[in-house]
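What follows is a short report on a single structure.
No value in this document is a laboratory result; all are computed from the given coordinates. If you're wondering where the values come from, they're calculated on a predicted model, not measured in any experiment. Neighbour counts run over all protein chains shown; Cβ positions are idealised from the backbone, glycine included.
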Amino acid sequence: MPKAGITVEQCVITRWEKRVGDTVAEGDVLFSYETDKAAFECESTASGVLLAIFFEEGEEVPVLVNVCAVGQPGEDYSSLAPVPGQAGAQPSPAAAPVQAAQEQSAGAFTAVQADGELRISPRARNLAEKAAVNPLLANPSGPGGRVIERDIAALINEQGPQGALPVPAAPAVLTAPNGEKIGYADTVFGNLRKAVAAAMTASISNSAQLTHHHSFDASQLLELRARFKASGDEALAGITINDIVLFAVSRVLKRHPDFNAHMLNAGTIRHFDNVHLGVATDTPRGLMVPTVFFADTLDIRGISAEVKRLAALAKQGTVNPDYLKGGSFTVSNLGAFGVEMFTPIINPPQTAILGVCSIITRLKGEKEQYKPYPAMGLSVTYDHRAADGAAEARFAADLCATLENITQHISM
């Protein structure tokens, strides 16, 4: 299993493109796999025949563990097979001789090892903890008697989590007061949606979040954007309003360290020397937040190019997972959807997040006259454990002033 990023420890096989007995050429795609937030394809590094598959679709596999064997017909591949008790699925029928040999030498497996430790996958353990079920009661179906996620799901269906209703085997029938059936469909979250749901729940549960709403005169920002578009320079013409906001944020955060930080626990905050901007990105698979590292060292062209590169990879589902972590502050822009203000949720362990809102026309008084101007809204959610309201107000005022006078900070 390829190591898709420094921080990735295991991946899930989503689809096998080859079957046992198929001819394989070097470079052929053997299978697709995914982390919580990205999907990849694994190409064969050898030519020959697919002799055995050690892990099936839907199984999670630790990185750098052998997934299959490619060689010449009749070749001995037993040395490549995962050892008993290692994470993963049972070998395919073609690998039965290997499995038999392993069982002869190791004997029958049970979920509990001789030292009393339960053989259970991380995903299964996590599901058991969330559902408050005893994993010792699960019927292990993984290799070497290992409890895997589907075993915990079956246990929940069987007895239900403590203090909660059992999970129904089939959708219940809902009816209106007149007896007419109510149509509906239950959709099981994919890995990415599950990850987002868990992160957002943890964020709200484990921090003291508060949101302040602000606005600024976006006249200069819009004028600068128009000049970029009319410049005839392709790179400048592609710079968006969001790119300009990101540039301003990367400079202002350096003066407000409590907002460019991680809350490690209730009593420790980690301040960063540089600004590493997380950029909330809408993708076909759901929300992803790739990170523009060292954003404070990039000029407007550099920020724009890096945001576009990461957004394209995120939307394709091929972004390196290491780019989905490490942000010190996040920007979420819903202005294009007409959102005038909202309450963004902090991306833990960060201490704050900026919501960029739409531009609306407002009036301001000048010499007893009211003149219209384009007002852009900003919503800042911050962790009250890390900073107080006055500190947020100073940060927001600094950011609004920088954006109102953006041409002093960005030149053509």
In debye, nearest 20: dipole of segment 239-291 around its Cα centre with unit charges on the Cβ of K, R (+) and D, E (-)?
100 debye
Could you give the alpha-carbon Rg of segment 214-304 over 2.2 N^0.38 Å, rounded to two decimals?
1.27
Less than 16 Å from a label point 7 Å out along the Cα-to-Cβ axis of Lys229: which backbone N atoms in segment 372-412 qualify, by residue?
374
Below 8 Å between Cα atoms, with a sequence gap of 6+, how large is the relative contact order for the chain in percent?
14 percent
Partners for Lys194 among aspartates and glutamates (Cα-Cα distance below 20 Å; same-chain residues under 8 apart left out):
Glu9, Glu34, Asp36, Glu57, Glu59, Glu60, Glu129, Glu149, Asp151, Asp186, Asp282, Asp322
Simple SL model, points at 7 angstrom along Cα→Cβ for Leu174 and Thr14; separation in nm is 2.9 nm
Structure-derived Rg and Dmax of the Cα atoms in Å - corresponding label in (i) 26.7, 94; (ii) 22.1, 76; (iii) 20.1, 62:
(i)
Put one equal scatterer on each alpha carbon of segment 208-408, apply the Debye formula with no solvent term, and list log10 I(q)/I(0) at q = 0.10, 0.11 1/Å to two decimals.
-0.41, -0.50
For Thr318, list long-range residues whose amide hydrogen, built 1.01 Å from N in the peptide plane, is under 5 Å from its own amide hydrogen.
Ala39
Nearest-20 debye value, the chain charge dipole, Cβ charges on Lys, Arg, Asp, Glu
1080 debye
Of every Cα-Cα pair in segment 26-67, the percent that sits beyond 12 Å:
67 percent
Pop a pseudo-label 7 angstrom from the Cα along the beta-carbon direction at both Tyr373 and Lys181 and give the gap in nm to one decimal.
6.1 nm
Per the charge dipole of the chain (beta-carbon charges, Lys/Arg positive, Asp/Glu negative, Cα centre), the residue among Leu222, Ala280, Thr361 reaching farthest to the positive end is Thr361
If Glu368, Glu43, Glu75 are placed from fewest to most neighbouring beta carbons inside 10 Å, the sequence is Glu368, Glu75, Glu43
Of Lys229/Lys371; Lys37/Lys315; Lys3/Lys37; Lys3/Lys130; Lys3/Lys325, those spanning more than 19 Å from alpha-carbon to alpha-carbon
Lys229/Lys371; Lys3/Lys130
Computed helical MRE - 222 nm, the chain, DSSP H runs ≥ 4 contributing -39500 (n - 2.57), nearest 500
-8000 deg cm²/dmol
Net lengthening on full extension, Ser411/Leu363 (0.36 nm per residue, minus Cα-Cα)
14.4 nm
